[in-house]
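Any read-out appearing in this document is the output of simple, stated calculations on the displayed coordinates, not a laboratory observation. Just so you know, these numbers come straight off a predicted model, no measurement behind them. Positions of Cβ are backbone-derived with ideal geometry, glycine not excepted, and every protein chain shown enters the neighbour counts.
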Amino acid sequence: MALRLRERAERLINALTEWLFPRAACCLCCGDPRRADTSDCLCEACRKKLKSMRVPPEACERCLSPVRRGKPCAFCRSPMMKPIHKVYAPYRYGKEARTLIHQLKFKQCGEAAPLLGSAMADALPDRDFDCITPVPLHRFRLAERGYNQSLLLCEEISDRTGIPTLELLRRDRYHRPQSRTPFAMRQRNVANAFSCVKDAEGLRVLLVDDVRTSGSTACACAKTLMDAGADSVSLCVAAAVYRSGSQKKNRKRQNGISWRR
């Protein structure tokens, strides 16, 4: 009950803020109504902070995880990456990138889609894909949210790269959101949750989602596509989360992820 009341209060506050300050005039990250550039809806300070969240060159070339020089990538060696050929992302999952993704995902802020989608397209040096496909939402969650944020990102990337969007996957099981599932249970939470609904035989597929955290959802989608005959599956996300060690350490790094040379 308390959660529902809080959600209603947040919606009321958001609606009032939109009425007083139209979204295009507010910075999408900090909400400042006076400083935003209407070309990208970011103020100069947040634009600089977002730029600082770019994935650095020392990240693993295959999965974007931070690695020590000369050391093999532990994430690539794990079974999690087995069905995924390569990962692309413009940003690390820090405060500004997280805010933009939340605006798109939960606040029905369509202005965030072109901003994130264009950055994702720019993060694709290799565009040799036959199609782009979104991580699907279950029909109940789609009805609840009204749109699939991953599909919006697909369309933005497609507009900028010319790679066609095909909705190849369907989510068959309605389950607890991954963000509310303990890391140790995330792989099991999405196991056998997807099916391929179109012919994927021989396709080089670019799978699109908003965030890669544990990689469980992307892995389950990629496995489904590979089982359906796809030639390869790569992943493109707006931001990648790097986690190692205890969850306590990870939470401390949420706003300032350690990328070690």
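For the cross-link pairs Lys48/Lys105; Lys86/Lys198; Lys71/Lys223; Lys86/Lys223; Lys107/Lys223; Lys51/Lys86, which exceed 25 Å when the distance is taken from alpha carbon to alpha carbon? Check vs 25 Å cut-off fails for Lys71/Lys223; Lys107/Lys223.
Report the net charge of residues surrounding Cys73, where surrounding means a beta-carbon distance below 10 angstrom and charges are Lys +1, Arg +1, Asp -1, Glu -1.
Values: positive: Arg62, Arg68, Lys71, Arg77; negative: Glu61.
Net of charged neighbours comes to +3.
Would segment 57-252 count as rounded, prolate or oblate if I go by the C-alpha gyration tensor, calling it rounded below 1.5 in a/c and otherwise prolate when a/b exceeds b/c, oblate otherwise? Rounded is the answer for segment 57-252, as its axis ratio a/c remains below 1.5.
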